[in-house]
Amino acid sequence: IGTAATESAFKSLSAGKQILHLATHGFFLSTGCQPEQEALLNANPLLRSGLVLAAGGSGQDDGLLTAEEVTALRLDTTELVVLSGCDTARGAVEAGEGLLGLRRAFHAAGARHVVSSLWPIEDVATRQWMLRFYQSRLQPAAGVARSVRTASVAALRERRASSLSTHPFHWGSFVASGF
C-alpha cells in the first residue's frame, strides 16, 4: 500500500498467493514513441504494457512492472489476478501470437484467471464494480467469468434504473480470461 507498494515488494511477495488484486495505474503504449524507443518496443511487445507501482531505492526498481517482467514471476499457485487499473487488458497484436500484454504475461507466469480492463476506467464506478464482483465470487459455485458477468449486469441495470447512459463504456470494461 502506498510507498511500500514497490515493484520489488510485489515481485518478492506475489509467489504462493492464491489471489492477487492490484489497484493501480495500468498502461499500454501503442505508437508514437521516439524512434529508438519504438524500435525497442517493436522488438519486444511485452514492454508496451505494464503497471505503475511505487519506485524503490534501487536502479532495478523503477516502479514500472512491465508485462515482460511479469512473465518471470512464479504464480503457479495463483488462482486469480485482478488488475483494477486502466487498459490492463490491452496489448500488442502479433501475427501467430495473438494479444501480447499483461493478461498473457500473468497467464504465462502461471495464474489461472485474470480480470482486466479494456479501456480507461473511473475510480468510483470501478470500486462499486469490484465490490459486486467479489460479492458474487464468494457465492458457492460462482466462477470468475460468472462473477464478472454478474458485476457488469448489475452495473448496467443500475444505470438503466437511474436513466443514465447504457453505453458499454460505463459497465463493460472488465473481462475475464483463463482456463
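Assorted remarks:
- Looking only at segment 155-179, and only at residues there that are more than 27 Å from Thr78 (Cα to Cα) and touching a residue at least 12 places away in the same chain (Cβ under 8 Å), the one that is surrounded by the fewest Cβ atoms within 10 Å (Cβ to Cβ): Phe169
- Residue ranges of helices (runs of 4 or more DSSP H) in segment 82-179 with at least 1 members more than 18 Å from His21 (Cα to Cα): 144-161
- Segment 64-81, residues that are hydrophobic (A, V, I, L, M, F, W, C), more than 14 Å from the chain's Cα centre (by Cα) and open to solvent by less than 10 Å² (accessible area, probe 1.4 Å): Leu75
- Condition check for Ala55: within 25 Å of Arg127 (Cα to Cα) and modelled with pLDDT under 90: yes
- Exclusive hit being surrounded by 14 or more Cβ atoms within 10 Å (Cβ to Cβ) and at pLDDT below 95, set Gly91, Gly98, Gly50: Gly91
Conditions tested, residue by residue: (1) over 14 Å from Gly178 (Cα atoms); (2) charged (D, E, K, R); (3) within 9 Å of the chain's Cα centre (by Cα).
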residue	(1), (2), (3)
Asp87	yes, yes, yes
Val93	yes, no, no
Gly110	no, no, no
Val114	no, no, yes
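- Top-ranked residue of segment 154-179 - restricted to ones that are among the basic types (Lys, Arg) and out of contact with any His (no Cβ under 7 Å at 6 or more places or on another chain), ranked as nearest to Met130 (Cα to Cα): Arg157
The values are calculated or read from the model by the stated rules, or taken from the named source; none is laboratory data. What you see is a predicted model; the values in this text were computed from it and never measured. Note that each Cβ is placed from the backbone with ideal geometry, even for glycine, and that neighbours are counted across all protein chains shown. Just so you know, the surface numbers come from the protein's heavy atoms only, side chains and all, with ligands and any DNA or RNA stripped out. Shrake-Rupley method; radii C 1.70, N 1.55, O 1.52, S 1.80 Å.
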